[in-house]
Amino acid sequence: MAKDRIFLGGFRAFPKPTNAPDFVLGKGAINIRELKEWLESEEGQHCTVSYNSEPEIIIEIVRRKDGKIALVVDTYNIID
């Protein structure tokens, strides 16, 4: 069953600046307060998977319908 996209709270992704070298794929920013709030929220708590007995959130870098870049949770292995 397909799941709705879950956008990662506190993260902003931006396209590569035109004058950036080839090894730069894009830019991003992390708002620490927003990220902490999202991780502590019910939505954030349900997005973790276990890797080496530690919680992780697997993300995908996607292009939204409006053309902007975003980070979303890869919900493939999340168990409801």
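At a glance:
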quantity: Positions within the stretch 23-61 being under 13 Å from Arg5 (Cα atoms) and either touching a Cys at 6+ places or on another chain (Cβ under 7 Å) or without any contact (Cβ under 8 Å) to a residue 24 or more places away in the chain (or both), in sequence order; calculated: Ile58, Glu60
quantity: Among (1) exposed (fewer than 11 other Cβ atoms within 10 Å of the Cβ); (2) of a type outside the set (A, V, I, L, M); (3) in a strand (DSSP E or B); (4) within 16 Å of the chain's Cα centre (by Cα) - the single one Arg33 does not satisfy; calculated: (3)
quantity: Every residue from the stretch 1-12 that is of a type in the set (Lys, Arg) and touching a residue at least 24 places away in the same chain (Cβ under 8 Å); calculated: Lys3, Arg5
quantity: Checking Ser41 against (1) hydroxyl-bearing (Ser, Thr, Tyr); (2) surrounded by 12 or more Cβ atoms within 10 Å (Cβ to Cβ); (3) more than 16 Å from the chain's Cα centre (by Cα), the condition it does not meet; calculated: (3)
quantity: In the stretch 44-80, the residues that are surrounded by 13 or more Cβ atoms within 10 Å (Cβ to Cβ), at pLDDT 85 or above and either at positive phi or assigned to a loop (DSSP other than H, G, I, E, B) (or both); calculated: Ile57, Ile58, Asp74
quantity: Pro15 vs. criteria of a type outside the set (Phe, Trp, Tyr) and touching a residue at least 40 places away in the same chain (Cβ under 8 Å); calculated: yes
quantity: Failed criterion for Leu8 (all others in (1) at pLDDT 90 or above; (2) within 13 Å of the chain's Cα centre (by Cα); (3) not charged (D, E, K, R) hold); calculated: (1)
quantity: Top-ranked residue in the stretch 62-75 [being more than 14 Å from the chain's Cα centre (by Cα) and charged (D, E, K, R); ranked as farthest from Arg5 (Cα to Cα)]; calculated: Asp66
quantity: Count of the stretch 1-30 residues which are more than 14 Å from Ala70 (Cβ to Cβ) and surrounded by 13 or more Cβ atoms within 10 Å (Cβ to Cβ); calculated: 1
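The values are calculated or read from the model by the stated rules, or taken from the named source; none is laboratory data. If you're wondering where the values come from, they're calculated on a predicted model, not measured in any experiment. Note that each Cβ is placed from the backbone with ideal geometry, even for glycine, and that neighbours are counted across all protein chains shown.
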